[in-house]
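Written out below as structure tokens is the structure these notes cover.
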Amino acid sequence: MSRQAPSSAQKNDKKAPPPPPPQKGPKPFNAEDYAKPPHLTKEEVLEVKQAFDIFDNDGSGSIDPQELREAFEASGIKTYHNKFIYQVLGELDTDNSGGIDFEEFLHLATAKVSDKDTREQIQKVFNLYDWNKEGRITWDELKRVAQDLGEEMTDEEIQHMFKKADLDDDGFVTFDDFYNLMTQKEYGKQ
């Protein structure tokens, strides 16, 4: 039996190679996915993304605890206690993924501040200072926080700061004292 050359119809019966499998990993960043004109333009999203990328050293798409620590230290804030890092992370990591993704970072960077939000945010900061969770900050706690943040302050400077914050002169900085100081409101008026 002699072999015949395949006809052109037979050549066209060959199957085309399958399409390449979809690429795994994060999808490419598109600022338009996050832009919400007129409140947030594509250019503003790109600026926030640049800041996010500075913190996200490994390019994973999430700021992990080590990267957060490095960001604080690069800003001159020494973090001797992991508790501080995890408290900050816990406040910002809304999906409990263990890191701060771009969407969480964008929300933080662009959040509109209302009086209610301001009070809640200031309460969170106050809680970071209130190590004993007594609802008030003592002089020792203020000194400890200053040291944890790497502030080189004398006892006299800390005492001056404490007296300035203790608006009702009761020997403690209460949340109301702290709130009024942070918002520059007169004591007793809210």
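Kindly indicate the residue of the range 37-65 that is of a type in the set (S, T, N, Q) and open to solvent by less than 100 Å² (accessible area, probe 1.4 Å) and also farthest from Glu91 (Cα to Cα) among those meeting that condition.
Checking each candidate, the answer is Thr41.
State which residue pairs qualify: first residue assigned to a loop (DSSP other than H, G, I, E, B) and inside the range 35-59, second residue surrounded by 16 or more Cβ atoms within 10 Å (Cβ to Cβ) and among the hydroxyl-bearing types (Ser, Thr, Tyr) in any location, beta carbons under 9 Å apart, and separation of 6 or more residues or different chains.
Asp56/Ser62
Taking Gln123 and the conditions (1) open to solvent by less than 60 Å² (accessible area, probe 1.4 Å); (2) under 21 Å from the mean Cα position of the chain (by Cα); (3) of a type outside the set (D, E, K, R); (4) at pLDDT 80 or above, which numbered condition does it fall short on, given that it satisfies the others?
Unmet condition: (1).
So in the range 80-108, with the set limited to residues that are of a type in the set (Ser, Thr, Tyr) and in a loop (DSSP other than H, G, I, E, B), which one is farthest from Val48 (Cα to Cα)?
Keep residues of the range 80-108 that are of a type in the set (Ser, Thr, Tyr), which gives 80, 86, 94, 97.
Cutting the leftovers down to in a loop (DSSP other than H, G, I, E, B) gives us 80, 94, 97.
Numbers: Tyr80: 28, Thr94: 18, Ser97: 21 Å.
The selected residue is Tyr80.
The values are calculated or read from the model by the stated rules, or taken from the named source; none is laboratory data. Keep in mind that what you see is a predicted model, and the values were worked out from it rather than measured. All Cβ positions, glycine included, derive from the backbone under ideal geometry; neighbour counts span all protein chains shown. Remember, those area values only see protein heavy atoms, side chains included, never the ligands or the DNA or RNA. Shrake-Rupley method; radii C 1.70, N 1.55, O 1.52, S 1.80 Å.
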